[in-house]
Each structure stands twice: as structure tokens, then as C-alpha cells.
1. Going Cα to Cα from Lys97, which aspartates and glutamates come in below 12 Å? Please leave out same-chain ones fewer than 8 positions away.
2. Over the Cα atoms of segment 247-384, each weighted equally, I'd like the Debye log10 I(q)/I(0) at q = 0.09, 0.19 Å⁻¹, rounded to two decimals.
3. Report ³J(HN,Hα) in whole Hz for each residue of segment 384-391, in order, from the Karplus equation J = 6.51 cos²θ - 1.76 cosθ + 1.60 where θ = phi - 60°; Gly and Pro get x.
4. Counting DSSP beta bridges with both partners in segment 344-487, what percentage is antiparallel, nearest 5?
5. List the equivalent ellipsoid semi-axes of segment 425-487 in whole Å, largest first, each obtained as the square root of 5λ for an eigenvalue λ of the Cα gyration tensor.
6. Please grab the % of Cα pairs in the chain that end up more than 33 Å from each other.
7. What's the local net charge at Ile206, with K and R +1, D and E -1, over the other residues with C-beta under 12 Å away?
8. What's the lysine pair count for segment 387-487 at a Cα cut-off below 29 Å, pairs eight or more apart or interchain?
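Since every read-out is calculated from the coordinates, none of them should be taken as a lab result. Please read all numbers here as calculations on a predicted model, not as lab measurements. Cβ: placed from backbone, ideal geometry, glycine included. Neighbour counts: every protein chain shown.
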Amino acid sequence: MSKDMKYLVLENYIGGKFVPCSKLMDSFDPSTGEIYCKVPDSGPEEVDAAVRAANEAFPDWSAKSPEERAKVLNKLADLIEARLEEFAQAESKDQGKTITFARNVDIPRSAYNFRFFASSVLHHTTDCSQMDHMGCLNYTVRCPVGVAGLISPWNLPLYLLTWKIAPAVATGNTVVAKPSEMTSVTAWMMCQLLEEAGFPPGVVNIVFGTGPRAGDALVSHPDVPLISFTGSTATARLITERSAPHCKKLSLELGGKNPAIIFADADMDQSISTTVRSSFSNQGEICLCTSRIFVERSVYPEFLTRFVEAVRRWKTGVPSDPSNDNGALISKEHLQKVKGYVALALAEGAQVHCGEGVDSLTLPQHNADGYFMLPTVISGVKDSSALMQEEIFGPVTCVTPFDEEEEVISRANGVRYGLSATVWSRDVGRVHRVARKLQAGLVWTNCWLVRDLNLPFGGMKNSGIGREGGKDSYHFFTEVKVIAIKH
Ligand code: NAD
């Protein structure tokens, strides 16, 4: 760890060593707008050094047994858990999320990602044909792919980075990871634990920097045969183009425009409290957040009134106060973009019920330049509006009535995205029927964000290509081979 007068200065982690970078850039504390740390602005040179280190480490790491690798992953999980509070404080300061969210969600899940894949990798089986198929026994084996390039976003920084590193190294790959330039601190803190956990030098390399420089160098590097990317659909298009000449294996986990469908027979109390959470958790900066709420017309007025009351109780304020539900948005630019959607709603004649422009937020003087915004509920928006079509990725949700089951399915599906959806009804037949017809990789009924890590995670349409999770991550991070033995 080094200090540049008053700022934390991060260094790349390459071949088991911290390596200073000649170019640095500022990273901000979203709750104050002040510089929090200096982050390497790495380019092709740094990425190439990391890929070489990962390539050198690959033969030994991939030759280890899954049990040996699992031991190292479990040890890293222990080390993260032992420093949970330190990691949570850093994640909250770097990202703007509340300390409560970082303590209860981000950091425990980051440690659990290592524990989960340490166990999961021990329990897969491969295929075998009938004993005598044309005089041969055919069976499959799975081998690690090589150096995995991992690129992650800023909303759940360590959580999403470890969701990629853990399965990649558990299956015997070595990695070069690039976290978001806006949230690099917890990845850098994790690098300090890798040697103690037992990772040989070069197995995990982390290069910090922007997408267009460090990210692009990784994506277009000829010795990186696989890219796992989580981020926006726009970036995924660039990554697809840049990796195409090398025929890379790609996993793309992208944005969403997730509907919640509330039928008149739903449990009102539960649907309201969960939909507040699903719309506004982590400032609405989760790819799975609800941003379109369709409510059956007979209960629409009651739902809207009670929903707005509940949203007003969702507390926004300084991230370090554990009583707050929301902290600050990631950046000034993002805040302006999200607020721009509210301005557009007003220009289109929609009604803003609470939040931006309606209620006021009192903040301590020190946080006056922070990127805060109140949770905002809008109605009267057309389905064709940008508010109903584009991913806002902030604390804004739109509510609209519907009349028929088929109508709401078609409207819910009427966007380019297909990540997740929630359905609220006590009618079990309807729940199954609607869930099957929704174009989404995940459908939650009468709940939200219940995740079994064994099951496939990912989206359809513009929300992504491929799935991650237990068996899916195992398949993605390995190549399958058929071996035929003539007897
Ligand atoms: P982003 O696409 O701007 O950036 C994501 C990562 O890609 C960052 O590390 C960035 O530096 C890098 N990057 C940017 N340009 C690049 C390029 N040309 N080449 C290589 N890498 C490049 O996304 P973001 O703003 O950081 O994150 C928000 C987005 O992520 C939202 O759309 C959200 O829905 C999505 N997301 C999806 C999931 C999921 O699992 N489906 C989870 C979280 C976030």
C-alpha cells in the first residue's frame, strides 16, 4: 500500500507483485464528490505483462487437482470474511452504497463466491456413452481454457468481480481481471490477501484502468481466449466486435429493463414492500432492479398511493449512516443522466409522485456536493417513452395500469432487454402461465432476488449471451473434449 500525500494510490497486481503504474487517474467518493484515491490508468503494456504472467502460471495451476485449488479458494474466503468490516467500509466509500448494503450483501457474497465455487467444482460429472458404441467407449473430459479475461462494472464491485474470478480459477484457468475504473479499491485490497491464501504468483492478476485502454487491450489480446464481461449492452457490442477476429469464448451479462407485474389478487403488503426494495435497492443500481411496474387496473389507485407512501419512507442519506436505505449514485455524470429521465418525463406530461423535484433532501454540509437523489416514482408514461424502454440504472421507477393478462405479457416483453421479471399473484396457474411467457432469464414470483447460485444466471435478448452459475460457469470456463477408446 502506498500513499501519495493525502490519497490512497493503487497499484496493479501482476505476477504476485504490486507494480506501480506511471499514469494515474482520480477516483471519487460519490458521497462528497472529493477524490478518494488514485487509480492506475493502465494500457496495452500493463495488460500484456499481466497476460504473460498468467500464461506462465497456467501449466502448474491447471495441473493441480480441484481439491488443491478449492483449499486456496476457501482460505481466501476466510481472509475476506475476517476483514469484512474493512472491505465494507471501503466498498461503501468507493461506490456510494450504504454501509449496511456493503456489510450485508456485497462483502459476504464476495467471500461466498469463493466458497461456493470451491465446493461446486468438486461435484461435477462428465458424460459417458454406452459401454460399446461401435466398438468404443466414449467419454468426455473438461479442461481449463487458459488465460481468462474478466471485466466487471461498478455497481457491485467486489461481488461481481469475484463471481468471475472464483469459477475461473476453481476450474484451473489463470486470470487477468479489470474492475471498473470507478470502483477499484476492494479488488486492490483483495490482492493483498492472495499470497496468504496460497495463490501462486500469476494465477490472479488485476490490472486497473479504463475500458477503452485497459479493457480494450485485454479484449483484443491474442493470448486471452475467453472473456467474461458484465456491464452495459453498448460496451458488450464493442467487446463482441473486438474479440471476433480471435474467435474468443464470450459470456456477456448485460443490462435490464425489468418489469414487475402486480395482479389484483396479489398480497398487497408484500408486493408493495418488495417492489420498493426491488426498485430502489443500491440506489436502483442493480441490473435486476424493477423499473416498470404494471398494476391490474382494479387495484391500481390503492397500489400507487400505498407504494408512494412506502417509497417516501425509504431513507436516502450519507452512506456511512447504517439507518439509511440509499446512499449516493456512482458519479456526477450518472446522476445527471438519471435526473435527465425525470426531466423528460415531465416534458412528456407524466406525473412525478415523489422524489426528484417533489421532495427535498437535507444533507450534512460535507456531503453537499455528493451525488444524491431521492427515490422517484412516475406515472402516466407511454410504453414507447425512453423511460419505459431504456435502462435508467438509478432510483427511478414507472407505474402503469393494465387490464388483461395477455396485454401485460406483451407490454412487459415489449422492450429490447430480457433479464429479469417479477410476478405477483396468488393464482398458481396464472403464475406458471405468465412466467413461461415472459422473455426474461429470471422470473421471480411473489419474491425478488432469491438466488440459488447453482442455477443459471443471465438474460435473453439485449440482456446478454450465455449464463453463469454452478454448472454454467463450469461449462463456460472449461473446454469439453470427447475421447473414444477402441476395445
Ligand atoms: P460499462 O459497460 O460502462 O462498463 C463495464 C466494464 O467494462 C468496466 O470495467 C469498463 O471499464 C469496461 N469497459 C468499458 N468500455 C470498454 C471497452 N471498450 N472494452 C473493454 N472494456 C470496457 O458498464 P457500467 O456502467 O460499469 O455498469 C453498468 C451496466 O452494467 C448496466 O447496464 C448494468 O445493467 C450492467 N450490469 C449487468 C449485470 C448482469 O449480471 N447482467 C450486473 C451488473 C451490472
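1. Straight-distance partners of Lys97: Asp29, Asp106, Glu285, Asp321, Asp325.
2. Taken in order of the listed q values, log10 I(q)/I(0) reads -0.30, -1.22.
3. Using θ = phi - 60°, the values come out as 7, 5, 4, 5, 9, 10, 9, 6 Hz.
4. Numbers: 6 of 14 bridges.
Beta bridges within segment 344-487, antiparallel portion: roughly 45 percent.
5. Those come to 33, 14, 12 Å.
6. That fraction is 40 percent.
7. Net charge around Ile206: +1.
8. The result is 4.
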